[in-house]
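Report on the structure given below.
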Amino acid sequence: MPVEEVSPRVLHFVGKMANHRSHEGKDEHTWALIQATAYVQVGNISIGVPPKEVYFFSVWPGEECEEANFGLAKYPATITYGGRKIPTGLGGAWRWRSFCKTQYASNVSAEHFLKCHASVCSLLKEAEKIGILKKVNDEGHFWDHWDYEALVREVAEWNSMIGDVIQKLESVFGSENVVSSLKGKKTVG
């Protein structure tokens, strides 16, 4: 797999240690465990439900990319909220929901961005082959057609849009008061 780094092993956490709050500021697993948190709606409030057990590994596609976390987690059938037990609807099956931002790999080059995005999609294809993938939401629409040219056009549009927003913010607040991951970098587009 053409990625920069893969975690050396699959990690397994149970009980309290499967909750990201047990790791915050202490180790590199916090982000994956935050992503492992599921959410249930109670009235107008969305409540985080940490897994009761989780297996995962992380992949870093390349420079300027967010890590991609892959795993499976089990959740409690109920949680206590406001002094009462609330059904989560999450009990039973193993599940995972995550995301990985590859857009800023285009700060390096179009080729680098394509390699990073395609490598994440290739890993998802493997998950699909073994029957553990239900749905992919690819904002670049690459997953549906594997069209590299269309993906480069899409990321150029995103970068242009962000560049326009940065320029507008700088015109209002001054460039010294605006922080951006794209500032001063050459991007596709």
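Observations, loosely collected:
- Degrees between helix 148-173 axis and first principal axis of the chain (Cα, 0 to 90, nearest 10): 80
- Overall Cα dimensions of segment 59-168, principal axis frame, Å, largest first: 50, 41, 23
- Residue-span extension gain [GLU53 to TYR39] - 0.36 nm each, minus C-alpha spacing: 3.5 nm
- Considering helices alone, the calculated mean residue ellipticity of the chain at 222 nm is -10000 deg cm²/dmol, with DSSP H runs of length four and up weighted by -39500 (n - 2.57) and normalised per residue.
- All Cα pairs of the chain, percent lying beyond 30 Å: 34
- Cα-based helix-to-principal-axis angle, 110-129 vs the chain, degrees rounded to 10: 30
- The chymotrypsin sites (Phe, Trp or Tyr not before Pro) found in segment 121-174 that occupy coil by DSSP, while having at most 14 further C-beta atoms within 10 Å, are TRP146.
- Applying a DSSP loop filter and a limit of 15 other Cβ atoms within 10 Å to the GluC sites (Glu not before Pro) in segment 1-65 leaves GLU4, GLU24, GLU28, GLU63.
- For CYS121, CYS100, CYS116, the sequence from fewest to most other C-beta atoms within 10 Å is CYS121, CYS100, CYS116.
- Taking the fewest neighbouring Cβ atoms within 10 Å as the starting point, the ordered list for ASP147, ASP138 is ASP147, ASP138.
- Of the chymotrypsin sites (Phe, Trp or Tyr not before Pro) found in segment 48-139, those that fall in a DSSP loop while having at most 16 other beta-carbon atoms within 10 Å are TRP94, PHE99.
- For segment 75-91, 3J(HN,Hα) computed residue by residue from phi via the Karplus equation (6.51, -1.76, 1.60; θ = phi - 60°) reads 10, x, 6, 9, 10, 9, 9, x, x, 10, 7, 10, x, 8, x, 10, x Hz, glycine and proline entered as x.
- Using a Gaussian network model of the chain in which every pair of alpha carbons under 10 angstrom is joined by a spring, one finds that among ALA93, ALA36, ALA18 the greatest mean-square fluctuation is at ALA93.
- Gaussian network model of the chain, Cα within-10 Å springs - most flexible of HIS12, HIS117, HIS145: HIS145
We did not get these values from a lab; they are worked out from the coordinates using the rules stated. What you are looking at is a predicted structure, and each value in this text was computed from that prediction instead of being measured. All Cβ positions, even for glycine, are placed from backbone atoms using ideal geometry, and neighbour counts span all protein chains on display.
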